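**Student:** The following block contains the structure, expressed as structure tokens.
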Amino acid sequence: MHARLRDALTITREALASGEPASPATRELLLFCHGFCTALTRHHEGEDRELFPAVAAAHPELAGTLRALRQDHSMIGHLVGGLEAAVSAAQPPEALAAHLEGIAAIMESHFRYEERSLLRVLETLGLDADPGDALGPL
């Protein structure tokens, strides 16, 4: 899922870099931003709702790690809201790029921390939830 979100971020950046105000590329950017923001948000909501409680039950020693990851989710959610507002307000490409870069920096740091901290745990975790519910749309 992280690889797909990284790919979606790349596509969104490319759409922004190629767009002119009021062009078809700008309309595409709206779609890419909406799709990327929705996918990222659903991924984090699924982790918070399904995955992290299962990890906490099986590995209580990871409570601090899960708390930090949830805090990242909240911060990223705030940044996504800012990007969505900027896109809705038709802010200029350089303003949108600044929002996107902020999300990209925090998202990548978050993903790397999560992968380092939970990858081995996730490989052995017995999860009864549907993967789409736990990880977001696959």
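**Student:** When the expected Rg is taken as 2.2 N^0.38 Å, what fraction or multiple of it is the alpha-carbon Rg of the range 2-123?
**Tutor:** The range 2-123 yields a ratio of 1.16.
**Student:** Using +1 at the Cβ of each Lys and Arg and -1 at the Cβ of each Asp and Glu in the range 78-120, identify which of LEU119, GLN91, GLY81 lies farthest towards the dipole's positive end.
**Tutor:** Among LEU119, GLN91, GLY81, the one farthest towards the positive end of the dipole of the range 78-120 is LEU119.
**Student:** In nm, what is the difference between 0.36 nm times the number of residues separating GLU108 and ASP48 and their Cα-Cα distance?
**Tutor:** 19.8 nm
**Student:** Spin-label point model (7 Å from Cα, Cβ direction): what's the GLU115 to ALA57 distance in nm?
**Tutor:** 2.8 nm
**Student:** Treating the beta-carbon of each Lys and Arg as +1 and of each Asp and Glu as -1, no other charges, what is the dipole magnitude of the range 2-123 about its Cα centre, to the nearest 20 debye?
**Tutor:** Result for the range 2-123 is approximately 140 debye, rounded to the nearest 20.
Taken together, the values in this text are just the output of simple stated rules run on the coordinates, not laboratory data. Here the structure is a predicted model, which means the values were calculated and not measured. Quick reminder, even Gly has a Cβ in these numbers, built from the backbone with ideal geometry, and neighbours come from all protein chains shown.
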